[in-house]
Amino acid sequence: MFLRRQAAEINLGLDRENMRLWTICVLWLTLMAAQRESWGQHAGSPRQIIENVRVVDVVAGKASAPQRVLIDGARIVAVGAVELPADGDVVRIDAEGRYLIPGLFDAHVHLVPDADHFAPLLVAHGVTSVRDLGGPTELILALKRSAADSSTPIPDITATGSIIDGTPPVWPFSEPCASSDEARAAVQRLAAAGVDQIKVYSLLAPDAYRAAVAEAQRLGLPVTGHVPYSIRLEETLHAGQNCIEHLEGFGPLLTELAPVIDEEPARNPMIAAFRGWSRWREVDRDRLQAVVLQNAVHRVTHCPTLVVMDSISRITDPNRNPNEDARLKYVSPAMLAFWDSGRYIDFSPRARQALPAMKALVGELHRAGVNLVVGTDLANPFVFAGSAVHDEMQHFVEAGIPPADVLRMATINAAQLCGVADQRGSIAVGKTASLVLLDANPLSNIEAVRHIRAVWLRGKYYDRAALDALLAEVEQSVRGATVPETQAGPQPDIPGRVVLRGQYQMKFGQLDAGVEDFVVTESEDGLRVWAHQQPKGGGQIPAITTVHFGSDGTFVEATWETQDRRQLRAQYRRDAGALVGEAKLPDQALGESRLALTEPYLISTPVYASEFGFYGPLQLAPGESIELHSTGFGYPDWKPAAAPMTITRLADEALDLDGRRWSARVYHSVLKTNMGEMNIKTWTGPDGHTLQSELRFPFGTVTATRRLIEE
């Protein structure tokens with residue numbers, strides 16, 4: 001067989017499966033599609049005048065008498081008694097006495113999991129700015145850059161990039177830090193990448209946490225995030241953390257302030273930290289109020305995200321079944337699979353029990369003068385993009401906060417937190433023309449934010465019909481009704497005789513997830529694989545990967561080129577016991593990343609077509625297992641990443657494929673990750689080439705099936 005060789009090294013792609021897992025779990029979607037350039041109206045008009053509009057001053061909490069607002073390009077150039085331009089080159093929009101507010105700001109989202117659907121939904125609901133609090137750094141920063149293109153409906157983004165966490169971290173897109181030095185270095189890397197804020201997380205040790213906060217302060221970056229389990233809430237105030245998410249730290253504080261009781265130790269630190277909310281009515285109110293006032297004195301902002309607690313609580317609430325929500329028509333099937341995975345069932349009753357106490361605390365924080373912002377934790381179960389901001393604002397009103405103050409929290413407060421109040425958050429000359437026209441006055445009733453007549457995003461005007469078109473486009477997309485045709489990709493340019501050519505057809509459940517076209521060639525210096533991954537409706541990043549295996553089966557080198565707006569190109573090689581990656585964008589070198597190869601190791605690639613490089617040489621008999629270290633690239637970004645795994649060879653099975661019946665070798669791989677246990681079943685031919693792969697994880701099943709093309 002053409003793939004027969006003695007392998008001195010096993011190049012195993014199961015790190016690809018680990019990274020592919022995260023990719024699929026959170027659906028790394030391509031950046032906005034070109035066909036959406038037609039969305040909206042009057043996109044080419046440099047000047048627009050909004051007539052007969054009541055401008056809401058969110059700082060003062062007042063609405064003006066009917067007046068005019070002049071927009072030139074992406075900026076507001078006049079507000080008030082505006083004279084019409086003499087040349088008449090202006091689009092006139094009659095607001096008919098409606099209310100104009102600044103674009104809303106969701107101060108806690110995770111866009112990358114489903115950016116292709118989240119972004120237009122946010123805009124359609126009047127959310128023109130977001131703060132993204134955790135995702136692969138390069139992906140979210142690339143999306144932030146693309147938001148500057150006014151032809152696509154993407155909110156303006158403030159981003160933290162990767163999370164600073166302990167080791168091992170909770171999420172795979174983290175910077176794991178076991179020491180102060182590692183924490184400082186992680187903050188420096190993020191700052192160099194261009195993030196706007198630093199996010200700290202739950203598993204940080206005290207010294208690493210303090211070092212991260214101090215280094216961020218030295219570099220002029222605000223710090224947000226969780227209160228690590230290892231420290232008390234008061235310590236974050238003195239350390240200088242600027243913002244706290246989800247009311248973190250108050251749960252343990254409530255436990256501390258309540259009478260001591262005997263109870264069974266919690267199974268994990270998150271449950272232990274959350275228990276205090278059930279003791280809300282028992283706590284020492286004076287001591288609690290003292291800590292609340294400390295938050296005001298230290299000018300700490302809180303982003304409570306009550307809506308995510310309410311949404312998760314619905315999962316086990318027989319009277320509020322989230323699966324009957326009409327907004328589900330805007331949620332992708334893969335995201336629904338994550339939401340319905342069962343991972344949140346145990347937490348749901350705890351969230352429902354805690355929500356009244358959390359809402360009461362939000363009211364107390366407001367009355368004490370603590371700064372609050374509106375955020376949703378978008379991407380979590382049944383948090384619906386855009387409309388969840390309206391839900392959160394309603395929760396704030398139910399907590400006893402006046403509508404005018406809530407509107408301030410969803411606009412100027414968030415803009416100040418993100419350091420962009422000179423550009424966004426209020427309506428004033430010189431600011432970005434990201435605006436929302438409402439049918440009613442939100443200062444009287446916060447429900448008015450749900451009744452949107454028009455949205456301006458960086459000056460681009462979306463009337464009600466255009467907003468409805470955005471919603472319809474998302475609805476059609478998640479149903480798979482308007483999947484764009486895959487464009488023909490470049491042809492392979494690799495030396496050697498073609499020995500295999502074909503395609504892997506990918507499915508997420510029964511849904512088309514795209515294809516991977518591949519070619520394998522053989523020459524005197526070994527084998528080369530060229531693969532073009534073309535996702536549909538979600539999935540991995542579109543990319544072209546080329547891999548060179550030596551004549552002895554060892555990994556020689558590889559390239560990985562993304563086919564999204566970034567046009568990132570990374571090259572890989574082995575050097576001094578490490579896998580070395582070096583990447584660049586068209587206008588920027590991203591540097592080098594090295595990861596040590598731990599024996600026994602496997603070098604993997606992010607494509608199915610290269611898996612022959614490890615299954616064949618394994619030489620396992622049925623029933624035998626092996627534990628290995630895998631190092632690979634391409635999931636979720638270009639930097640090499642590693643993961644341990646166990647592979648077991650099962651009994652051979654008959655498999656009908658390519659018009660013939662194969663006696664396939666079958667392998668079962670198990671990955672235990674922070675996302676849960678993942679199981680991969682792989683069928684290979686006698687040469688080790690993958691015939692079919694099935695990945696089962698808590699959120700669904702991904703299947704890839706090979707189809708050969710005869711030469």
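Just so it is clear, none of the values below were taken in a lab; they were calculated from the coordinates. It should be emphasised that the depicted structure is a prediction, and the values quoted were computed from it without experimental measurement. We place every Cβ from the backbone using ideal geometry, glycine too, and count neighbours over all the protein chains shown.
Protection proxy ranking for 140-148, 230-238, using the average of other Cβ atoms within 10 Å per residue and placing the highest first: 140-148, 230-238.
Against the chain, whose longest principal axis is taken from its Cα atoms, helix 14-26 shows a tilt of about 30°. Restricting the stretch 244-319 to trypsin sites (Lys or Arg not before Pro) that sit in a DSSP loop and have at most 13 other Cβ atoms within 10 Å of their own Cβ leaves Arg267, Arg299. Peptides 49-57, 642-650, ordered by how many other C-beta atoms sit within 10 Å of their residues on average, highest first, read 49-57, 642-650. Each residue of the stretch 335-342 was assigned a 3J(HN,Hα) from its phi angle through the Karplus curve 6.51 cos²θ - 1.76 cosθ + 1.60 (θ = phi - 60°); the sequence is 5, 4, 4, 5, 4, 8, 5, x Hz, with glycine and proline shown as x. Across the stretch 349-365, computed HN-Hα scalar couplings (Karplus, 6.51 cos²θ - 1.76 cosθ + 1.60, θ = phi - 60°) run x, 5, 5, 5, 5, 7, 4, x, 5, 5, 5, 4, 5, 4, x, 5, 4 Hz from first to last residue, x flagging Gly and Pro.
Taking Cα atoms only, the orientation of helix 206-218 departs from the longest principal axis of the chain by about 70 degrees.
Rounded to the nearest 0.05, the FRET efficiency derived from the C-beta distance between Ala589 and Leu328 at R0 = 35 Å is 0.20. Using R0 = 51 Å, the C-beta based FRET efficiency linking Ser230 and Val77 works out to 0.50. Restriction of the GluC sites (Glu not before Pro) in the stretch 244-344 to DSSP coil positions whose beta-carbon has at most 16 other beta-carbons within 10 angstrom yields Glu263.
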